[in-house]
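The values are calculated or read from the model by the stated rules, or taken from the named source; none is laboratory data. Every value quoted in this text rests on a predicted model; they were computed, and no experiment measured them. Here the Cβ positions follow ideal geometry from the backbone for every residue, glycine too, while neighbour counts run over all protein chains shown. The accessibility values were calculated without ligands, DNA or RNA, using every heavy atom of the protein model including side chains. Shrake-Rupley method; radii C 1.70, N 1.55, O 1.52, S 1.80 Å.
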Amino acid sequence: MTRTLTKGNPLKLIILFTLPLLFGNLFQQLYTFTDTLIVGRALGVNALAAVSLSASINFLLVGFAQGFTAGTAIVTARRFGAGDYVGVRRSMATTISLTIVLTAIVTSISVFFNREILALMQTPPAVMDQASIFLSIMLGFMFTTMSYNLATNAMRAVGNSRAPLIFLIIAVFINILLELLFIVVFNWGIAGAAFATVFAQFVAGGLSFIYIYRVLPVLKVGKKDFKFDWVDMREHLKYGLPMAFQSSIIAIGSVILQTALNSLGTDSVASSGAASRIDQLATLPMMSIGITMATFTAQNLGARLYSRIMIGLRQSLITSGIWAVLMSFIEISFGHYLIQIFLRSGSSSNHVIELSQTYFLINGSAYILLSTLFLMRYTLQGLGNASVPTLAGVLELSMRAFAAIVLVKNFGYAGAVLGSPLAWGGALLALTPAWIASRRKLNVINDGQPVNGKLDLDPDSK
């Protein structure tokens, strides 16, 4: 089933599209949530720290490839909004071809050099072996993650956000059962957590492609769709690579911060890892509505319905802002209770809880910045602006590097946590002028007037 976002009440369409996406992202986080919960309870703080610090590297390498498919999906969504269904299938075929090549390259590099990367991050010796095992398995089977993300982004581009949710729910339950089996029953240790996750992702990806070929003919590609076309390839690279690099730039900042945290000891690593799971759950609705705006914007840009973009963004800013304020209050007031579900009792756990409260206070206070950032970034991407969001990513990297190099030295754990709010503020400095220019043009052009995909790149054009 496909769904156009070009007709009907914008806020209603955005919410209906966001809800399955939100639950899908929620269950995606349950992958890491169950890893953290089961590993922390069954294997202890060192194993929890190993999974936590591995997450930043996994985000860097897998995020590059995932960002690429998210970028190429903008092309797919725009063609769908314009009613170019032959172009939609060509876009799907081009994305598959490019993603296979990209995944092979990233997998090869990451598997062979993950231990060297861990060493550069000043990984504590006590967790080095476990972290290396976990990363080798996760990155060695990265194609399972990529197959699901490619299919998911393609389905969302044509307005289907429900099917990915169903497949992900199935995969999450498989993941939970296999983790309990591999870790608790078979005693495979941290390798069990990794194998359970990649197998579950393999199931989600397989089900997604089966669904596409049986239910979504607009995405069903054949041999003729894979014909090489450099113009088409270049268009997908134009959107895919900037978003891939943007994801990597942001992730590099996370790796730098993770390195600084590693130097503070295992408790700091464990605290950040556990607190970030709660933080991610709290911010998922903000991210989900932002991702929805990318598809909403791209489809309406393809249909030349520019006034709907403005209406949809304004309504989304209000909705997401209310959620941000609510989550700030909950996390700051009750976060120290939530963190205890990840930990065994003991003096070390008490210290982790104290550090986590610092994390919640600093991060939670800046959620309104994050909600605005998500919406501005994804709307600009939907408009076809790849350069400014990438510049915003560079500023995020700079802010996180500043926190790691300067603030950690002076303020310890609090300095490391400050890296995220500073990064969000830095990114908004880049995005705000670009959005003002795009909004000005959206307000003066007429619906139905072609803009040749350069709406946000040439604010002075008539």
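Exactly one residue out of Ala244, Ala282, Ala270 is in a helix (DSSP H, G or I), of a type outside the set (Asp, Glu) and under 26 Å from Ser91 (Cβ atoms), and it is Ala244. You will find that of Thr95, Thr107, the residue that is touching a residue at least 40 places away in the same chain (Cβ under 8 Å), of a type outside the set (A, V, I, L, M, F, W, C) and buried (at least 16 other Cβ atoms within 10 Å of the Cβ) is Thr95 and no other.
Rundown of residues vs (1) of a type in the set (Val, Ile, Thr); (2) open to solvent by 10 Å² or more (accessible area, probe 1.4 Å), yes/no style:
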| site | (1), (2) |
| --- | --- |
| Met287 | no, yes |
| Ile291 | yes, yes |
| Arg314 | no, yes |
| Ser328 | no, yes |
| Ile339 | yes, no |
| Ala392 | no, no |
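Test Leu5 against the stated conditions and say whether it is within 26 Å of Thr297 (Cα to Cα) and open to solvent by 10 Å² or more (accessible area, probe 1.4 Å). Judged against the criteria, Leu5 is not a match.
Being among the polar types (S, T, N, Q) and at pLDDT 80 or above is the filter; apply it to the stretch 46-83 and report the residue that is surrounded by the fewest Cβ atoms within 10 Å (Cβ to Cβ).
Once the filter is applied, the top-ranked residue is Asn46.
To keep it simple, each residue is scored yes or no on (1) touching a Gly at 6+ places or on another chain (Cβ under 9 Å); (2) open to solvent by 20 Å² or more (accessible area, probe 1.4 Å).
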{"site": "Gly205", "(1), (2)": "no, no"}
{"site": "Tyr211", "(1), (2)": "no, yes"}
{"site": "Arg214", "(1), (2)": "no, yes"}
{"site": "Ser248", "(1), (2)": "yes, no"}
{"site": "Thr266", "(1), (2)": "no, yes"}
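Could you tell me whether the stretch 380-391 includes any residue that is of a type in the set (S, T, N, Q), at pLDDT 85 or above and touching a helix residue (DSSP H, G or I) at 6+ places or on another chain (Cβ under 6 Å)? Yes, the conditions are met somewhere in the stretch 380-391.
Tally time: how many residues in the stretch 410-427 are small (Gly, Ala, Ser) and either outside any helix (DSSP H, G or I) or open to solvent by 20 Å² or more (accessible area, probe 1.4 Å) (or both)?
4
Annotation: of all residues in the stretch 123-162 being polar (S, T, N, Q) and in contact with a Pro (Cβ under 8 Å, 6 or more places away or on another chain), the one that is farthest from Ala49 (Cα to Cα) is Ser161.
Each row is one residue, and each column tells you yes or no for (1) over 30 Å from His236 (Cα atoms); (2) at pLDDT 85 or above; (3) part of a helix (DSSP H, G or I); (4) open to solvent by 40 Å² or more (accessible area, probe 1.4 Å).
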{"position": "Ile362", "(1), (2), (3), (4)": "yes, yes, yes, no"}
{"position": "Leu370", "(1), (2), (3), (4)": "no, yes, yes, no"}
{"position": "Phe374", "(1), (2), (3), (4)": "no, yes, yes, no"}
{"position": "Ala403", "(1), (2), (3), (4)": "yes, yes, yes, no"}
{"position": "Leu429", "(1), (2), (3), (4)": "no, yes, yes, yes"}
{"position": "Thr432", "(1), (2), (3), (4)": "no, yes, yes, yes"}
